[in-house]
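Visitor: The structure follows.
Derivation of every value follows stated rules applied to the coordinates shown; laboratory data play no part. These numbers come from a predicted model, not from an experiment.
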Amino acid sequence: MSSQPNQQQQTLGSRQKFMTSANKGKILSNKCLKCGHIMVGTIIYCERCHGNELQSIELEGSGSVVTFTIQAVAPEGFNEVGKPYAWVVMRIDNTSSLKVSGILIGIKSPADLPLGSKVKVESFDPKFGLKLQKFS
Ligand SMILES: [Zn+2]
């Protein structure tokens, strides 16, 4: 008999919480109590020092575009979204390096999304993950 929590269950639980936060426009993150590193809330061990004493914090889901890849509509006229979209990596405001990726619908060309554009989390889509939107 082990008293260790079931790791898979714990991962599922943190994913659920992450989704709930994203639906409120927030990013659930974990702060390592040992080294202060901040990482996304689905990670249960510190990426930097492997510490497992993490404090759950909710960050505003806003940040700036670091990089992105545009998915054009397939020639048949269909992709899973039905519109051109971009996979965006954003850096969360008020963190040194926390990055999350998500989908931003309606981006047709790089000119639609200059690097550094402000984006925010809109919701969590079960299929695509984080859905982002530009804000201005
Ligand atoms: Zn750490």
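Visitor: Can you list the lysines whose alpha carbon sits under 17 Å from that of residue 127, skipping same-chain ones fewer than 8 residues off?
Guide: Result set, ordered by chain and number: 17, 83.
Visitor: So, one more: How are the C-alpha pair distances of the range 7-60 spread across 10 Å bins, as whole percents from the shortest bin up?
Guide: P(r) over the range 7-60, rounded to whole percents: 29, 52, 19.
Visitor: Counting C-alpha atoms alone, how compact is the range 62-134: give Rg to one decimal and Dmax as a whole number, in angstrom.
Guide: Every Cα atom of the range 62-134 included, Rg and Dmax give 12.1, 42 Å.
Visitor: With a cut-off of 8 Å between alpha carbons and a minimum separation of six or more residues, what is the relative contact order of the chain in percent?
Guide: Dividing the mean separation by the residue count of the chain yields 21 percent.
Visitor: Still on this model: Suppose we look only past 25 Å in the calculated P(r) of the chain. What percent of the Cα-Cα pairs does that tail hold?
Guide: Value for the chain: 33 percent of Cα pairs lie more than 25 Å apart.
Visitor: Still on this structure, I have one more. Taking the chain as the reference, fit the longest principal axis to its C-alpha atoms, fit the long axis of helix 7-23 to the helix C-alpha atoms, and give the angle between the two in degrees, 0 to 90, nearest 10.
Guide: The two axes meet at around 50 degrees.
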